[in-house]
Amino acid sequence: MHVAFDDTDSVHSMCTTFLATEVIDALREWDLIGLPRLVRLNPAVPWKTRGNGAVSLRFGRGKGQPMLTGTIRGTPIFSYPEMIAPAPESAIRSRCESLLRKWSRTMEDASPGMVFSSKLPSSSFYWKGVRDIVEKQDIIDELDRIGASRIELEGGRGIIGATCAMSWRPRDRTFEVIAYRQRERWGTERDIDDSSVAKMDKTFTTTFNNFDHQAGRRALSPHTPCPVLLGVRGDDPLQLPTAMQAMATEYVDRWLLWLSNQGTDDHIIRDWRALVPDRSYEVAATVIGGPRTITGGHVVIDTMTDRGGFDLQMTAYEPSKEFRNIVRALMPGDRIRALGELRAEPRTLNLEKLEVLNVVRAFQKLGNPICDACGKSMQSLGAGAGYRCRKCGAKAPKEAAMVQEIGRTIRRGWYEPPVCARRHLSKPLKRQLAGLEATTL
């Protein structure tokens, strides 16, 4: 039996993954089939809480080699690769509903939804959920089609994310081990030794997005008073519990290993015909204006897209820190491939990373041309109008000016923001380039 849920937390507190640990703990007479799934959905939806993540679990009678998947207050949790028989909904629904009502932050505008199904929804719902806006009625129609049941609280918007998470069939995937705090410590400052995080990041090379070594700050712990202590993401699930234990932290009440779509770029639309706000795109374009720094420290460039020839503004926002220097180094004529979220107001592509495809040569003017007849410096006729000799009246084109080529500080290659400014779904260059180092200035 698949059980999925979403929209239980708020901007300020709780975490849907914590609710998953409570559900697993309450259903210990049933086996966990496969790893629990943490599925991030469209990061551009206007009504998201924080990371826009939904979870999906599967319960039944397992078989095959069990895998240690977590612990809850010292008791191990195992998952199984195969299932003999599913858990009947009648045996688990009431406890799941009770926990959903107990932990959901409905007083803080959460709109929880939970879905039970023995069949999976169409995978098209995952791709629409991670890249587009999904209508609730379409979800209800699909759940009716497959014979699924649902629980809705305060509008039940969460059945949308729950269904999309349940419908995920991974093409690319990563893993995350999430450690949770003791209840009495929720809302207090997290006790995590940053030097141990930095060391772990360098030791466990299959992990990513743990620590910003340039800024000297960790990126694996949240800033809200939620139950999560930290999360370590990576490509090797067997390394992650060891990586978690290698850090010096406060006591861990429970931990759980997740299969996830984080760090996969699944949210990026590449084969687009039109650019619609509240979605994320890959866009090849030529720089035609800027860069310029606006109020707030954001850096903006104007581009023309290869596909369709659209004028498109792109912005590196202040939180991306030194990534803005990459954008500042661009010039009109440079060709780039940009990935990011298209915002409606102001209409701009919020840059998540970019590839510099080609850079134009740059020249610095040293002076006006010298008249061939008189040997005197010629006078400018205005921007782009060329030159004329004051003495004899001879003319010369604008290209006749004396110039010197200057070196560009940017070169072809991929660039990305620092660790602390990356999105959950954005594929880090560490993964994307398969071991090749990212280009830096």
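The values are calculated or read from the model by the stated rules, or taken from the named source; none is laboratory data. What you see is a predicted model, and the numbers here were worked out from it, not measured in a lab. A quick note on method: Cβ atoms are made from the backbone with ideal geometry, for glycine too, and the neighbour counts reach across all protein chains shown.
In this structure, is residue 94 surrounded by fewer than 13 Cβ atoms within 10 Å (Cβ to Cβ), farther than 30 Å from residue 340 by Cα and not hydrophobic (A, V, I, L, M, F, W, C)? Against the criterion (surrounded by fewer than 13 Cβ atoms within 10 Å (Cβ to Cβ), farther than 30 Å from residue 340 by Cα and not hydrophobic (A, V, I, L, M, F, W, C)), residue 94 qualifies. Residue 341 fulfils the conditions (1) assigned to a loop (DSSP other than H, G, I, E, B); (2) crowded, with 16+ Cβ neighbours inside 10 Å except for a single criterion, (1). Of all residues in the range 321-336, those satisfying the criterion of being of a type outside the set (Gly, Ala, Ser) and either more than 20 Å from the chain's Cα centre (by Cα) or more than 29 Å from residue 217 (Cα to Cα) (or both) are 325, 328, 330, 331, 332, 334, 335, 336. Among the residues making up the range 231-241, those that are within 21 Å of residue 218 (Cα to Cα) and either free of Cβ contacts under 8 Å to residues at least 24 places away in the same chain or of a type in the set (A, V, I, L, M, F, W, C) (or both) are 232, 240.
Can you confirm whether the range 346-368 contains a residue that is out of contact with any strand residue (DSSP E or B) (no Cβ under 7 Å at 6 or more places or on another chain) and of a type in the set (D, E, K, R)? No, the conditions are met nowhere in the range 346-368.
Taking the range 46-59 as the search range and keeping residues that are at pLDDT 80 or above and under 13 Å from the mean Cα position of the chain (by Cα), which one is surrounded by the fewest Cβ atoms within 10 Å (Cβ to Cβ)? In this case the residue turns out to be 52.
Table: residues versus (1) closer than 26 Å to residue 22 by Cα; (2) outside the structural domain of residue 12 (by TED's automatic domain parsing); (3) surrounded by fewer than 22 Cβ atoms within 10 Å (Cβ to Cβ); (4) not hydrophobic (A, V, I, L, M, F, W, C).
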site: 120; (1), (2), (3), (4): yes, no, yes, no
site: 123; (1), (2), (3), (4): no, no, yes, yes
site: 141; (1), (2), (3), (4): no, no, yes, yes
site: 150; (1), (2), (3), (4): yes, no, yes, yes
site: 159; (1), (2), (3), (4): yes, no, no, no
site: 191; (1), (2), (3), (4): yes, yes, yes, yes
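Figure legend. Inter-residue proximity from the range 180-193: first residues touching a residue at least 24 places away in the same chain (Cβ under 8 Å) and among the small types (Gly, Ala, Ser), second residues surrounded by 11 or more Cβ atoms within 10 Å (Cβ to Cβ) and in a loop (DSSP other than H, G, I, E, B), beta-carbon distance below 8 Å, spacing 6+ or different chains. Indicated pairs: 187/225. If the condition is being within 23 Å of residue 158 (Cβ to Cβ) and either out of contact with any Ser or Thr (no Cβ under 8 Å at 6 or more places or on another chain) or of a type in the set (Phe, Trp, Tyr) (or both), then the range 53-83 contributes 56, 57, 58, 59.
For the range 242-314, the strands (runs of 3 or more DSSP E) that sit wholly inside it and include 3 or more residues that are crowded, with 20+ Cβ neighbours inside 10 Å, without any contact (Cβ under 8 Å) to a residue 40 or more places away in the chain and within 24 Å of the chain's Cα centre (by Cα) are 299-305.
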